[in-house]
Amino acid sequence: MKRRKQIYAFIFFVIVMLSLLLTIYPFAIMVSGSFKTQTEMNRYPLRLIPQEPTIENYLVLFDKIPFWRQFGNSAFVALTSAVGSMLLTGLVAYGFTRFEFRGKSGLFGFVLATMMIPGQVLMVPLFIVYRNVGLFGTYVPLIVPFLCGASGIFLVRQVMMQVPIDLYESATIDGCGEMRIYLTIALPLSSAGVGIQGVLTFMAAWNDFMTPLIYLNSEARYTLSLGLMRLQDFYNIDYGTPLAGAFLSCLPILAILTLVGQKYFVQGLTAGAVKG
C-alpha cells in the first residue's frame, strides 16, 4: 500500500513538473527572443540563451510606436475597470446577500445565465449603441463591459455569504445606513474575494484586444495590445520587436501577482467554496 502511494506521488510530481515546463517554456522563449538579433532568431528560435544579446529590439519598439503612451492608455483602462468592478460587483453581491425579496433566486439565476451568452453575439448590437450615443472612439466601450459581470457577482456573493448576519443587524441598530454598512462592514470583510475580482478584471482588461480593435480609431488612444499588433509588417517579418513589446506588457501582470501573492490569490478564489 505504501509502495502504491509512492508511485502515485511520483506520477503526480512528473505531471506537475511537465505542466510547469510547458507553461514556463513559451515565456522563456519570449524573454530570450526579445534579446536576440534577427539573424539568430531566424536560425535558432528555440535557443534560450542568446549568443549575442542585444537591446536593439527594445530601441526599435520605442521608435516604431508610442509605447509608453499606449502603456498608459492600457493602465488607465485596466485600473478603471478593476476599481469600478470591485465597487459595483460588490454592491450587487451585497444586495443578493443582504436582502430577501420576491423573485430573488430567479433573478440571481438570470444573472448567472448571462454567462452562457457568447460575447460575439453582442458585438454588433453594442457597436450600434455606442456609435449612436457618440461614444465611438472613446474608452467607455472598453471599460463598461468589465464593470459588473455575472462571474464576479457570483464570486463576491459567495464570499459575502460568510459574513455573519449579526454584524449587519448590529450596525442597523446603531443607525448605520445600507451604504455605510456596505462600505465599512461587507466590503472590508470580503476583501479577499473583492480583491481577486479586481485582479482578474485588471488582467482581462489589460489583455483585451478585440474591443479596442473595434472601437478605437486613433493611434494616440490605442491600448498596448492594439499597438503591438501594429508592429507586424506583411513584407518584413520581425520577431524580436513584438517579443520585446510582449515581454514589457507582461510586467504589470507579473508585478500584481507578485504583490498579491499565491497565498492571497488562492484564498480569494477559494473563499466561499464551503458555504454556497
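The values are calculated or read from the model by the stated rules, or taken from the named source; none is laboratory data. Source: prediction; values computed, not measured. Backbone-built Cβ (ideal geometry, glycine too); neighbour counts: all protein chains shown. We work out accessible area using only protein heavy atoms, side chains counted, and drop any ligands, DNA or RNA first. Shrake-Rupley method; radii C 1.70, N 1.55, O 1.52, S 1.80 Å.
Taking the helices alone, the chain has a mean residue ellipticity at 222 nm of -21500 deg cm²/dmol, built from -39,500 (n - 2.57) per DSSP H run of at least 4 residues and averaged over all its residues. Between residue 230 and residue 258, the simple label model (points 7 Å from Cα in the Cβ direction) yields a spacing of 2.9 nm. Considering only 221, 102, 43, the mean-square fluctuation computed in a Gaussian network model of the chain, springs between alpha carbons under 10 angstrom, is largest for 102.
Surface composition of segment 138-180: carbon and sulfur make up 63 percent of the accessible area, probe 1.4 Å.
With protein chains left intact and a 1.4 Å probe, residues in segment 1-129 average 70 Å² of accessible area per residue.
Counted by Cβ distance under 12 Å from residue 227, the other residues give a net charge of +3, where Lys and Arg count +1 and Asp and Glu count -1. Anyone know which of 23, 89, 172 comes out most mobile in the 10 Å Cα GNM of the chain? Highest fluctuation among the options: 23.
Using a cutoff of 8 angstrom between alpha carbon atoms and counting only pairs six or more residues apart, the relative contact order for the chain works out to 31 percent. For segment 46-106, just say rounded, prolate or oblate: build the C-alpha gyration tensor, square-root its eigenvalues into a ≥ b ≥ c, call rounded for a/c under 1.5, and beyond that prolate if a/b exceeds b/c, oblate if not. In terms of gyration-tensor shape, prolate. Classification of the chain by its C-alpha gyration tensor yields an oblate form. The axis ratio a/c (a ≥ b ≥ c) is 1.5 or more, and b/c is at least a/b.
Take every pair of alpha-carbon atoms less than 8 Å apart whose residues are at least six positions apart; their mean separation over the length of segment 1-73 yields a relative contact order of 23 percent. Placing pseudo-labels 7 Å out from each Cα toward the beta carbon at residue 11 and residue 46 gives an inter-label distance of 2.8 nm.
Overall, segment 57-148 carries a charge dipole of about 140 debye about its Cα centre when +1 sits on the Cβ of Lys and Arg and -1 on the Cβ of Asp and Glu, all other atoms neutral. Surface listing: 128, 15, 143 arranged by accessible area from highest to lowest gives 15, 128, 143, probe 1.4 Å. For residue 178, the solvent-accessible surface with a 1.4 Å probe is about 70 Å², rounded to the nearest 10. Each of 208, 174, 233 has its accessible area taken with a 1.4 Å probe; listed largest first, they run 174, 233, 208. Overall, the accessible surface of segment 13-54 at a probe of 1.4 angstrom is composed of carbon and sulfur to the extent of 74 percent. Scoring 161-167, 30-36, 55-61 by mean Cβ neighbours within 10 Å over their residues and listing the highest first yields 30-36, 55-61, 161-167.
What shape does segment 1-154 take by its C-alpha gyration tensor, where a ≥ b ≥ c are the square roots of the eigenvalues and a/c under 1.5 counts as rounded, a/b above b/c as prolate, and the rest as oblate? Note, shape of segment 1-154 comes out oblate.
Counting only Cβ charges, +1 for Lys and Arg and -1 for Asp and Glu, the dipole size of the chain around its Cα centre is about 900 debye. Looking at segment 135-195, the accessible area is 47 square angstrom per residue; that uses a 1.4 Å probe and ignores ligands, DNA and RNA. Placing a label point 7 Å from the Cα of residue 239 along the Cα-to-Cβ direction, the residues of segment 32-58 whose backbone N falls under 14 Å of that point are 32-51.
If you find the alpha carbon centre of segment 193-208 and of segment 1-78, how far apart are they in angstrom? Segment 193-208 and segment 1-78 have Cα centres separated by 22 Å.
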